[in-house]
Amino acid sequence: MASFKYIATNAQGKTISGTVDTTDRAAVLAALIKQELRPISVKEVSGRSGISFKNILGGNKVKTNDLVIFTRQLSTMISAGVPLDRGLGSLAKHTESPALKKILDTLIKDVEAGTPFGNALSKYPNTFSDVYVNMVRAGEAAGILDEILKRLALQQEKNATIRKKIKSAMAYPSVLVVIMIIAFFGLMLFVIPQIGKILKDLGGPDAQLPFLTQMMLNLSAALISYWFIIIPAIGGGIFLLLRYLKTPRGKSQFHHLVLRIPAVKTIVMKVAVARFARTFSALMGAGVAVLEALNVTGHAIGNVVYEEALLEAAEQVKGGKQLSEVIETHEDLFPAIVAQMLSVGEETGQTDTVLVKVADFYEEEVDVAIDGLSAIIEPVMIVLMGSMVGLIAASVMGPIASLSQNIK
């Protein structure tokens, strides 16, 4: 028996969430459909969580590149008229990913047993996102699965590109921060005590040291005497903070805080808007209903603030308002151009095409913003490291200069 958390919509379009204990994911889907609910997301929240060397190395996870290649190849095969089960079987034979091969073997059995492809994919939420599953379902219903898979591959490539750029921009400052921390503890534990001993030997036990020097010596002495308390306390504090940030309340507070930091806010907003435009346009192009597309997109953006805004927008659209009007009221989250382009799309009936242009524009803006932030971070980190070294040097050179004057 396992516990599953679900998000679904009822006949009136209202979002319902909850937790249910049952044998497997398929049983949850069957129970929701029996209650006339339309599943949006079903994820296992408890169960066996064995830790192995293979899991630590990510051996059971399908890489983004493998998933993109699989999606493109399956799209090509379906376009050529190859039956779905044969296409999956061929891809399972030739894939280089053991994790993907294992999933494909199960998908083939499900498809051959008559399970819709979208429902079969929904059993693997860690590999196939809610957006992926919903678009496949819409493609199956409309008979355009090959076209939908092409859109999915493009969307995944764009999202992967943004993630890589952000990780690349954060790599350098992260390394510098680690070096700063190691250097600080190395100086405090090994260098400062020796320098303090030399100063006391030169000046005598009653020597009056400057305030900065005495503060450094006291901090070093505290670290040496209580390192077994201080270091675990710092580690525990970081662990608890990370755990808190994973809770709904902590995540919400963190996302609100991020949107108040000037330099970071710009990048977060542009990434969120690009992801919204790309995902929502893909769902609309696949024929997914507006309300469901808003719900799925809200959960796919990865930011609680935007998720709340889109879920609220879904309620207002359900009440008869145009989406462009609702988006326009959230000017702190969505630039004016998004509402304007949405309005044009609603008038022409080409919302998906218009939003693709918005996504392309903001993805380029993200590249520029990340490059600008990287250019700012490097000198800032160098200044911080220089300040730390300068502070320690000043605390050491001050009393040495004073002692030299006394000796003369």
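The values are calculated or read from the model by the stated rules, or taken from the named source; none is laboratory data. It should be emphasised that the depicted structure is a prediction, and the values quoted were computed from it without experimental measurement. Note: ideal-geometry Cβ built from the backbone for every residue, glycine included; neighbour counts use all protein chains shown.
For Ser225, indicate whether it is hydroxyl-bearing (Ser, Thr, Tyr), farther than 30 Å from Glu308 by Cβ, exposed (fewer than 13 other Cβ atoms within 10 Å of the Cβ) and more than 23 Å from the chain's Cα centre (by Cα). Yes: the conditions hold for Ser225.
Please work out which residue is nearest to Pro193 (Cα to Cα), limiting yourself to region 210-242 and to residues that are touching a residue at least 60 places away in the same chain (Cβ under 8 Å) and part of a helix (DSSP H, G or I). That would be Met216.
Only one entry of Pro98, Pro83, Pro125 meets the criterion of being surrounded by fewer than 18 Cβ atoms within 10 Å (Cβ to Cβ) and touching a Lys or Arg at 6+ places or on another chain (Cβ under 7 Å), and that entry is Pro125. Filtering region 259-283 to residues that are within 23 Å of Asp130 (Cβ to Cβ), at pLDDT 85 or above and either in contact with a His (Cβ under 9 Å, 6 or more places away or on another chain) or aliphatic (A, V, I, L, M) (or both) leaves Val268, Met269, Val271, Ala272, Val273, Ala274, Ala277. Inside region 313-344, can you point out the residues that are in contact with a Gly (Cβ under 9 Å, 6 or more places away or on another chain) and of a type in the set (D, E, K, R)? Listed by number, the residues that qualify are Glu315, Lys318. Consider region 132-152 and keep the residues that are of a type outside the set (D, E, K, R) and within 13 Å of Asn119 (Cα to Cα). The one that is surrounded by the fewest Cβ atoms within 10 Å (Cβ to Cβ) is Ala141. Against the condition surrounded by fewer than 23 Cβ atoms within 10 Å (Cβ to Cβ) and in a helix (DSSP H, G or I), how does Ser281 come out, does it pass? In short, no. Would you confirm whether or not region 67-77 contains a residue that is closer than 26 Å to Ala8 by Cβ and touching a helix residue (DSSP H, G or I) at 6+ places or on another chain (Cβ under 6 Å)? Yes; the residues of region 67-77 include at least one that is closer than 26 Å to Ala8 by Cβ and touching a helix residue (DSSP H, G or I) at 6+ places or on another chain (Cβ under 6 Å). Confirm whether Leu67 is modelled with pLDDT of 75 or more, among the aliphatic types (A, V, I, L, M) and either loosely packed, with under 11 Cβ neighbours inside 10 Å or at negative phi (or both). Taking the combined requirement at face value, the residue satisfies it.
Among the residues of region 111-122, is any farther than 30 Å from Ala274 by Cα, crowded, with 16+ Cβ neighbours inside 10 Å and in contact (Cβ under 8 Å) with a residue 24 or more places away in the chain? Looking through region 111-122, at least one residue is farther than 30 Å from Ala274 by Cα, crowded, with 16+ Cβ neighbours inside 10 Å and in contact (Cβ under 8 Å) with a residue 24 or more places away in the chain. Residue pairs whose Cβ atoms lie under 6 Å apart, sitting 6 or more positions apart in sequence or on different chains, and linking a residue in region 293-311 that is assigned by TED's automatic domain parsing to the domain that holds Leu245 to a partner that is surrounded by fewer than 20 Cβ atoms within 10 Å (Cβ to Cβ) and among the basic types (Lys, Arg), are Val304/Lys251. Of all the residues in region 142-165, those that are under 21 Å from Thr76 (Cβ atoms) and either assigned by TED's automatic domain parsing to the domain that holds Asp367 or among the hydrophobic types (A, V, I, L, M, F, W, C) (or both) number 9. Surrounded by fewer than 20 Cβ atoms within 10 Å (Cβ to Cβ), charged (D, E, K, R) and within 13 Å of Val273 (Cα to Cα): is that true of Lys321 in this structure? Criteria not met by Lys321. All of Val288, Val264, Val273 fail the test of being part of a helix (DSSP H, G or I), of a type in the set (A, V, I, L, M) and out of contact with any Pro (no Cβ under 9 Å at 6 or more places or on another chain), apart from Val264. Only one entry of Leu245, Leu257 meets the criterion of being in contact with a Lys or Arg (Cβ under 9 Å, 6 or more places away or on another chain) and either over 21 Å from Val338 (Cβ atoms) or assigned to a helix (DSSP H, G or I) (or both), and that entry is Leu245.
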